[in-house]
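The values are calculated or read from the model by the stated rules, or taken from the named source; none is laboratory data. Everything numeric in this text was worked out from a predicted model, so none of it was measured. Virtual Cβ from ideal backbone geometry, glycine too; neighbours counted across all protein chains shown.
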Amino acid sequence: MNQHFEWRDREGPFRVLSNEQAEQYNRDGFVVLENVFDPETISELIEEIDPLEARMEEIVRDQFNGKAFIARAGEITFTPHLVMESPRAKAFTQRSFFRDIAYDLLGEDVRLYWDQAVYKKPGTLERFPWHQDNGYTFIEPQQYLTCWVALTDTDEESGCPLVMKGRHRDGTYAHTMTDLGWEIVEEAPGPVAAAPVRAGGVVVFSSLTPHKTGPNRSADHVRKTYIVQFAPEGACLRMPEGGEQLSIPCNDPERQYAILVDGETPA
């Protein structure tokens, strides 16, 4: 499905990024922004998410014998669509930072595409494989945006993101399903950068940036993150069915609401 892709560099003027940060994003496919959210905001978000994540872990353990797709009880959980259950999470995705970063890197008309909390528990020894977000669900235009919000301090010991620099410019690679999730390759063929980030910081990367997270080797530190993704107005999910390619608009009003219309906050 990746035919004739051409990466489009983002050019200013920018609302939140510096010219140097935008240049890094265009060149490497990611940028780390520290101190975006204050400790009180992060603490309130954790308080909201923790019970929802605990419920998800219980479902994975009790209803799926400890493993549901890429979630594994006691190791790693994925809690999606928090905006449908939590007014606080919904309000968080509508904060000015996300509107501004979406404007800088996507344009004037943008919707929330996906949101999920990902908790990696202490002692999780398996990596999360090299993949692109667009390798899980193929969206057109392929070039959308992931904001990896650190709810706890995250370094290489606890499983911070690692990215393949510059590979986003090729579009979506072929992925192979493994027991741990979709995977492009087992070992990166070129330069890799770690993206450690403190609580309240954000790793901003393209949906096309190949990335992985390593094991959480810490003794008692749950690595908590809230992943918020945005796509341009008019984006569609492409999926095969009956020998044809369906094109499903990414505009569910409950969870894929507009955050920018003509560059402004929606009325």
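Of the residues Arg127, Arg111, which is within 16 Å of the chain's Cα centre (by Cα), over 16 Å from Val203 (Cβ atoms) and of a type outside the set (S, T, N, Q)?
Values: Arg127 fails: within 16 Å of the chain's Cα centre (by Cα).
Within the list Arg127, Arg111, the selection yields Arg111.
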Within the set of pairs 6+ apart or on separate chains, which have a first residue in segment 181-201 that is within 22 Å of Leu45 (Cα to Cα), a second that is at pLDDT 90 or above and of a type in the set (Phe, Trp, Tyr), and C-beta atoms under 6 Å apart? Gly200/Phe37
Is there a residue being of a type in the set (S, T, N, Q) and in a strand (DSSP E or B) anywhere in segment 113-126? yes
So, first residue over 18 Å from Gln229 (Cβ atoms) and without any contact (Cβ under 8 Å) to a residue 40 or more places away in the chain in segment 67-94, second residue part of a helix (DSSP H, G or I) and basic (Lys, Arg), Cβ within less than 8 Å, six or more apart or across chains; the pairs are Ala73/Arg61
Identify the single condition in (1) surrounded by fewer than 17 Cβ atoms within 10 Å (Cβ to Cβ); (2) over 27 Å from Glu108 (Cα atoms) that His4 does not satisfy, given that it satisfies every other one. (2)
Look at segment 13-37 and say how many of its residues are touching a residue at least 12 places away in the same chain (Cβ under 8 Å) and of a type outside the set (A, V, I, L, M). 12
For segment 148-195, give me the residue count where each residue is more than 15 Å from the chain's Cα centre (by Cα) and assigned to a loop (DSSP other than H, G, I, E, B). 23
Over segment 218-252, the set of residues of a type outside the set (S, T, N, Q), in a loop (DSSP other than H, G, I, E, B) and modelled with pLDDT of 95 or more is Val222, Glu233, Gly234, Ala235, Cys250, Asp252
